[in-house]
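This report concerns only the one structure given below.
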Amino acid sequence: MEVAEVTAYGGPEVLRLAERPDPSPAPGEVVVRIRATDVNPTDVGLRAGQHPMARQLEPPYVPGWDLAGEVTAVGSEVSGYAPGDRVVGMIPFGRIGGRVGAYAQAAAVDPAWLAPMASDIDDPTAATLPLNALTARQALDLIALPAESTLLVTGASGAVGGFAVQLAARDGYRVLAQASTDDEDWVASLGATEVLPRSTDLATIGPVDAVLDAVPLGPSSTASLRDGGIAIFTRPPGAEPDRDLRFETIFVQTDPDALRSLATDLAEGRLRSRIAEVLPLAQAARAHELNEAGGLRGKVVLTP
Ligand SMILES: NC(=O)c1ccc[n+]([C@@H]2O[C@H](COP(=O)([O-])OP(=O)(O)OC[C@H]3O[C@@H](n4cnc5c(N)ncnc54)[C@H](OP(=O)(O)O)[C@@H]3O)[C@@H](O)[C@H]2O)c1
């Protein structure tokens, strides 16, 4: 099968196509023919050698967390999946030390990383869901405040922030959502109570009960928090709070039940996602360049 591998830590050009043996399922695994994966900031940071995992993971390796495709083989001791089933999934790339990646035509995976995907959602759209919607869901579960509480979401034009706005609005929060430049209409359409232009001084809003700092901006995102408030960061903030606040960092976990629920939300139109560009796997380097340049309105998707 064809994969895109990171051949050394460096710029996007270190991503090259390679041939690897077709995977076969060990007991307790299924093989998925991957039809789409997407590029996430963690893929880019690791490839550049800027992620702590770079100290342990020796190139060449196949990157990639998210996958959408179909089951082609089922190992012994697996129930619930059969060849031909459409699935989405999140490879817990960090937790398994980069042993399996999604920039590949196929992968042997633990079925607990997967959920069924309805046939009316295309593979590129499905592939944008798992990592970032699970992160948003798990961050909101950490916040766990009563309905009507006020939540600031930074980076709401991005993947984690966009899912967080939609899920938080449905949970009953008053959501103040920070949009990227000229992207206010999209963020408003996700159900934000109030859309904040990117230029907004976050110290001038609120007070808010919680911050989901998806960008992440770090402790500077918390100026609007009331005393006793909670901030969830998507990367360790590197500082302790200097007043009565709670700081937590989210580290996404696989969760088949939550993923199944999110996949149903996507299929039934309760969650929306957007795609900036769909490229063949051979253009993985180009996909990383686009991600690094920023300013995207949606994910860059690769179709292996
Ligand atoms: N810890 C975990 O488990 C976990 C899981 C998933 C993701 N993450 C992390 O979460 C972060 C967001 O991921 P993502 O996939 O949502 O990325 P994304 O789709 O690229 O979204 C990031 C958003 O933040 C905006 N942004 C960047 N700098 C900003 C700034 N200074 N002020 C305001 N907005 C800014 C970007 O807008 P422009 O492009 O227009 O600048 C973009 O819309 C990444 O750091 C990722 O690695 C962590």
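The values are calculated or read from the model by the stated rules, or taken from the named source; none is laboratory data. Everything numeric here is computed off the predicted structure, so don't read it as measured data. Glycine also receives a Cβ, built like all others from the backbone with ideal geometry; neighbour counts cover every protein chain displayed.
Every residue, every condition in (1) more than 23 Å from Ser221 (Cα to Cα); (2) basic (Lys, Arg), yes or no:
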position: Arg235; (1), (2): no, yes
position: Glu240; (1), (2): no, no
position: Asp244; (1), (2): no, no
position: Ile250; (1), (2): no, no
position: Asp255; (1), (2): yes, no
position: Arg260; (1), (2): yes, yes
position: Gly269; (1), (2): yes, no
position: Leu296; (1), (2): no, no
position: Val300; (1), (2): yes, no
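Selection within segment 158-175: residues that are outside any helix (DSSP H, G or I) and under 21 Å from the mean Cα position of the chain (by Cα). The member of this set that is surrounded by the fewest Cβ atoms within 10 Å (Cβ to Cβ) is Gly158.
Answer yes or no: is there a residue in segment 185-196 that is polar (S, T, N, Q), near the ligand (Cβ under 9 Å from one of its atoms) and surrounded by fewer than 21 Cβ atoms within 10 Å (Cβ to Cβ). Checking segment 185-196: not a single residue is polar (S, T, N, Q), near the ligand (Cβ under 9 Å from one of its atoms) and surrounded by fewer than 21 Cβ atoms within 10 Å (Cβ to Cβ). Does any residue of segment 222-233 turn out to be assigned to a helix (DSSP H, G or I) and within 16 Å of the ligand (Cβ to nearest atom)? Checked against the condition, which is being assigned to a helix (DSSP H, G or I) and within 16 Å of the ligand (Cβ to nearest atom), segment 222-233 yields at least one hit. Residues that are more than 16 Å from the ligand (Cβ to nearest atom), in a loop (DSSP other than H, G, I, E, B) and modelled with pLDDT of 95 or more do not occur anywhere in segment 247-262. Every test in (1) assigned by TED's automatic domain parsing to the domain that holds Thr193; (2) of a type outside the set (S, T, N, Q); (3) away from the ligand (no atom under 13 Å from the Cβ) is passed by Val165 save one, and that test is (3). Report, by residue number, each residue of segment 9-40 that is among the polar types (S, T, N, Q) and surrounded by 18 or more Cβ atoms within 10 Å (Cβ to Cβ). Result: Thr37, Asn40.
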